[in-house]
1. State yes or no: is GLU51 surrounded by fewer than 10 Cβ atoms within 10 Å (Cβ to Cβ), without any contact (Cβ under 8 Å) to a residue 60 or more places away in the chain and under 21 Å from GLN92 (Cβ atoms)?
2. List the strands (runs of 3 or more DSSP E) that sit entirely inside the range 1-105 and contain at least 3 residues that are modelled with pLDDT of 80 or more.
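The values are calculated or read from the model by the stated rules, or taken from the named source; none is laboratory data. Quick caveat: nothing in here was measured; it's all calculated off a predicted structure. Every residue, glycine among them, receives a Cβ derived from its backbone with ideal geometry; neighbour counts consider all protein chains shown.
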Amino acid sequence: MRTLLPLAIIAGALAAPAVAAGPLVEEKVTEVRIDLEAYDLSSDADRAVLERRINAQLRKACTSQAAFPYGGKTDRLDEKCFTDARREAMAQVEAAALAASTNTQEVAAS
């Protein structure tokens, strides 16, 4: 059974304050999937590698291009998007680690 870490990252309407007189902000949803089967969640080393991968994928998903007033563009990380998605991702990792340790304990007890 494959365990995937799906994260739906919603940016746009939730990340930007609404302006009453302005146009509606289009909501952008990006889904990040990371296969947890490749990681031993009981290993600190594997958890550190997984956490770095999660951070990299979330930075990529939560970054958009911002235009300068006089031309040019730069990448801009939406900190709220990143922080919220990371909190959700780490909660999912903890739940998967707990489930894996429970399954291991059940097999050992059998």
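1. So GLU51 fails the test.
2. In the range 1-105, 28-35, 63-67, 73-77 are the strands (runs of 3 or more DSSP E) which contain 3 or more residues that are modelled with pLDDT of 80 or more.
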